[in-house]
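To start, the structure itself, in structure tokens.
The values are calculated or read from the model by the stated rules, or taken from the named source; none is laboratory data. Being a predicted model, the structure only gives us computed values, none of them experimental. Because the Cβ atoms are built from the backbone with ideal geometry, glycine has one as well, and the counts that use them run over all protein chains shown.
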Amino acid sequence: MVDDELVQRIEESFETDDEALEEELPGLLADIEGQSDELVREQPEIVSKILNRMSEMDIASFVSENPETADQFQDLLWSGVRVLAEGNEEVQQQINEDITVNFEADNCPMTGHVEVDKSESTVTGGAGVLDDPDIAITGPADVLVGLITGTVDPIQGFMQQQYQMDGPVQKGTRLAPIMNTLSEQAQVDQ
Amino acid sequence: MRLTDEQKAFRADLRGYLQENVEPVVDELDRNGPMDRDTLMGFITDLRELGVGFDPDIAPDFFGDVWKFMLTAEEISYVWPSLNVGLMMSFPSVFVRFAAEETREAMLPKLETGECLGSLAVTEPSGGSDTARPRTTARKDGDEFVIDGQKTWVGNAHYADVCLVVAHDESTGAQDMFLVDRENASFETEELDKLGWKGVSNAKITFDSVRVPADNRLSNIFSNAIMEGYDMNEIVPFPESVTQLFFEQKPLNATFSFMRTGMSFMAVGIMQAAMDEALAYATERETFEKPIAQHQLVQEKLYDMKSGLETSRQLSRRAAELLESGDPDARLMSSLAKGYTSETSKQVADDALQVFGAEGLKPENRLERYYRDARVMTIPDGTTEIQKLIVGSELTDMSAYH
Ligand SMILES: Cc1cc2nc3c(=O)[nH]c(=O)nc-3n(C[C@H](O)[C@H](O)[C@H](O)COP(=O)(O)OP(=O)(O)OC[C@H]3O[C@@H](n4cnc5c(N)ncnc54)[C@H](O)[C@@H]3O)c2cc1C
């Protein structure tokens, strides 16, 4: 169980303006560390709210100033993705091959990765990069976060050249629907 | 490059058709200015029988085989460049298949019989070569986009069924394309007259609050089709290698690489036609009591024409090979080929006309048309100057045009 005090602190932080939230976030995310999965499972709306508040911030400068917090933020983000994927039948059906992806921001030192695993039917991710991924995605930090939280449609964003993607086209077209369904789900949960 | 038996048979059939059905009427049709829609559709539906076209049955084999596409551009242009342009500029009709429901309902039956004529509207009266910043805007209004702006020189637009329009998407701040179908939306066009490519219709378009469903935005078309489980190369029936370039080099750039390589083969077709006529004439026409082919300066002209033709053909093939293998240099080489072959076709047509002397100036001889058609080549699909800037940017990774 996530303790009530933490939930309350998170809720209170939403009342504050961006600047105050930015100051509070490092402490908050540090406290969440280690219990992100529980938080996501027990309080999905709260997680969606944090992620959405964060996607409204200037991610690149936040990451540049708080590199460690950025990793914690990603952990929370990916916990959200993992849990969403577990419970979503549509995503389960869309997972029909292994796909590995690296994300790299081109305007701040933020890197991340995601692995789609067919045999386990899971979507897992985290900070840092994998060796030799199938696909490498680069773009501004807010677009990369938007891809995960659902504010940037993966296919439309690619077509409109908001980010770049390297790797076999066929893997990319398999990944896009998974990301799309997950982000639609994340939007519904709010 | 070696053609397969199937590709050779395709070329032989195409040549046969063109000689029998286009060659006898080309002079008169071209002289009368832009073909009307029925004439163009007549040729397009005939060509469909040979495996040329953009409907779901034909496109994967036609577009999907780089060499078939390029052979078509060369062979048709040998006989009538304008017909090649009218045909090729119809390619955006492929997107009807995954468009919004109202567009599919209106256009899919036509597409399936090869009768949905397409057009691509990129160029604007105010922007010209500067296509990266369209002034035409698309404003989101509920489930629709509202398009305002002007486009110019758009091939087929005067009577096309669908028009794929590049516009600034105000909802995302990015450039996108929008498929406008003429059954559900209307826009004004004004046909333009020009020096060459007389047979194809080019027009200025005015979009005055033209409404299209949000699902006719190209990025939605892709998104919806991929969500339905289609692969990228089912949506754009390019070969897989070219679809891969879509990924690596931005979708519009990969499309341009394909089209420019086609233009390059078109220039080769014009050169071959001019060269063949000039060679035949040089051995027949006599001055100073011998065929003009026996004058050294005329032989020099033949040499120049032949070298221009052959270097252009090799360069075009090289560009096609790189496309076929999805090579990262495909963009560089297609721009180099388009720029070089277009300029060379001007020179070759000019030399061929000179070999004909005054006869070359008469409209009833074709040299005059080859000369005018070649002259146009250096402007559409990116002027030679723009091709040079693309090559420069690809070579140095430093852009001189932004
Ligand atoms: C027959 C024909 C068919 C066409 N079909 C279509 C079609 O189907 N769809 C469509 O959208 N468009 C079409 N076009 C338009 C065509 O793509 C444009 O004409 C072309 O891109 C050049 O634009 P412009 O004519 O406005 O010339 P401008 O851009 O005004 O250029 C004028 C001159 O300046 C040079 N120039 C411009 N910018 C630079 C620079 N940065 N550096 C150096 N030199 C520069 C150009 O090379 C040119 O010599 C067609 C044009 C023709 C003639």
| request: With respect to B:Val376, determine if the residue is more than 10 Å from the ligand (Cβ to nearest atom), surrounded by 17 or more Cβ atoms within 10 Å (Cβ to Cβ) and not basic (Lys, Arg). | output: no
| message | Consider region A:36-77. How many of its residues are surrounded by 17 or more Cβ atoms within 10 Å (Cβ to Cβ) and out of contact with any helix residue (DSSP H, G or I) (no Cβ under 8 Å at 6 or more places or on another chain)? | response | 2
| field | Pairs with Cβ under 9 Å, 6+ apart, first in region B:143-170 and outside any strand (DSSP E or B), second within 11 Å of the ligand (Cβ to nearest atom) and among the charged types (D, E, K, R) | value | B:Ala157/B:Lys151; B:Ala157/B:Lys204
| request: Taking only region A:5-40 into account, find how many residues are out of contact with any Gly (no Cβ under 6 Å at 6 or more places or on another chain) and within 14 Å of A:Asp75 (Cα to Cα). | output: 14
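Among the residues that make up region B:258-276, is at least one of them part of a helix (DSSP H, G or I), under 30 Å from A:Asp153 (Cα atoms) and not hydroxyl-bearing (Ser, Thr, Tyr)? Break it down into steps so the answer makes sense when it comes.
Start the filter on region B:258-276 by keeping residues that are part of a helix (DSSP H, G or I), which leaves B:258-276.
Next cut, under 30 Å from A:Asp153 (Cα atoms) only: B:258-259.
Okay, now just the ones that are also not hydroxyl-bearing (Ser, Thr, Tyr), so B:258-259.
Yes, the conditions are met somewhere in region B:258-276.
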| Assuming A:Ser121 fulfils every condition listed in (1) surrounded by fewer than 18 Cβ atoms within 10 Å (Cβ to Cβ); (2) more than 10 Å from chain B (Cβ to nearest Cβ); (3) modelled with pLDDT of 85 or more; (4) on the phi < 0 side of the Ramachandran plot apart from one, which condition is it? | (4)
| Any hit, region B:126-136, residues being of a type in the set (Asp, Glu), part of a loop (DSSP other than H, G, I, E, B) and in contact with a Gly (Cβ under 9 Å, 6 or more places away or on another chain) | no
| task | Consider only pairs whose beta carbons are under 6 Å apart and that are at least six residues apart or on different chains; among these, list those whose first residue lies in region B:380-396 and is within 14 Å of chain A (Cβ to nearest Cβ) and part of a helix (DSSP H, G or I) and whose second residue is more than 6 Å from the ligand (Cβ to nearest atom) and among the hydrophobic types (A, V, I, L, M, F, W, C). | result | none
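Please determine whether any residue of region B:10-31 is farther than 25 Å from B:Pro363 by Cα and in contact with a Phe, Trp or Tyr (Cβ under 6 Å, 6 or more places away or on another chain).
Restricting attention to region B:10-31, the residues satisfying the condition of being farther than 25 Å from B:Pro363 by Cα are B:10-14, B:16.
Still in the running and in contact with a Phe, Trp or Tyr (Cβ under 6 Å, 6 or more places away or on another chain): none.
Scanning region B:10-31 turns up no residue that is farther than 25 Å from B:Pro363 by Cα and in contact with a Phe, Trp or Tyr (Cβ under 6 Å, 6 or more places away or on another chain).
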| field | Residue list for region A:138-157, restricted to those being more than 8 Å from every other protein chain (Cβ to nearest Cβ) and modelled with pLDDT under 85 | value | A:Ile148, A:Thr149, A:Gly150, A:Thr151
| field | Residue in region B:216-271 that is farthest from the other protein chains (Cβ to nearest Cβ), counting only those that are more than 19 Å from A:Met165 (Cα to Cα) and among the charged types (D, E, K, R) | value | B:Arg260
| remark: Only unsatisfied item for B:Gly127, checking (1) modelled with pLDDT of 95 or more; (2) within 16 Å of the ligand (Cβ to nearest atom), is (1)
| Taking A:Val114, is it within 14 Å of another protein chain (Cβ to nearest Cβ) and among the hydrophobic types (A, V, I, L, M, F, W, C)? | no
| request: Of the conditions (1) within 16 Å of the ligand (Cβ to nearest atom); (2) farther than 21 Å from B:Leu252 by Cα; (3) surrounded by 15 or more Cβ atoms within 10 Å (Cβ to Cβ), B:Lys110 clears all except one; give me its number. | output: (1)
| request: Kindly provide the set of residues from region B:216-258 that are of a type in the set (Lys, Arg) and modelled with pLDDT of 90 or more, ordered by number. | output: B:Arg217
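Find the residue count for region B:93-105, including only residues that are within 16 Å of the ligand (Cβ to nearest atom) and more than 17 Å from B:Arg48 (Cβ to Cβ).
Taking region B:93-105 as the starting set, the residues that turn out to be within 16 Å of the ligand (Cβ to nearest atom) are B:93-95.
Filter again for more than 17 Å from B:Arg48 (Cβ to Cβ), leaving B:95.
Final tally of qualifying residues: 1.
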| request: Give the residue, chosen from A:Asp106, A:Asp98, A:Asp166, that is modelled with pLDDT of 85 or more and within 14 Å of chain B (Cβ to nearest Cβ). | output: A:Asp166
| task | Quick one: which residue in B:Thr39, B:Thr72 is among the hydroxyl-bearing types (Ser, Thr, Tyr), more than 16 Å from the ligand (Cβ to nearest atom) and more than 25 Å from B:Asp276 (Cα to Cα)? | result | B:Thr39
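So which residues in region B:165-186 are over 17 Å from B:Met89 (Cα atoms) and within 14 Å of the ligand (Cβ to nearest atom)?
First pass over region B:165-186, keeping only residues over 17 Å from B:Met89 (Cα atoms): B:167-176, B:183-186.
Within region B:165-186, B:Ala167, B:Gln175 qualify.
For region A:1-88, give me every one of the helices (runs of 4 or more DSSP H) that falls completely inside it and has 2 or more residues that are without any contact (Cβ under 8 Å) to a residue 24 or more places away in the chain and in contact with a Ser or Thr (Cβ under 7 Å, 6 or more places away or on another chain).
On the way: elements: A:4-15, A:18-32, A:36-42, A:44-56, A:59-65, A:67-87.
Ranges flagged: A:18-32.
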| query | B:Ala160: away from chain A (no Cβ under 11 Å), touching a Pro at 6+ places or on another chain (Cβ under 6 Å) and not aromatic (Phe, Trp, Tyr), yes or no? | reply | no
| note | In region B:137-157, residues that are buried (at least 24 other Cβ atoms within 10 Å of the Cβ) and within 14 Å of chain A (Cβ to nearest Cβ) total 2
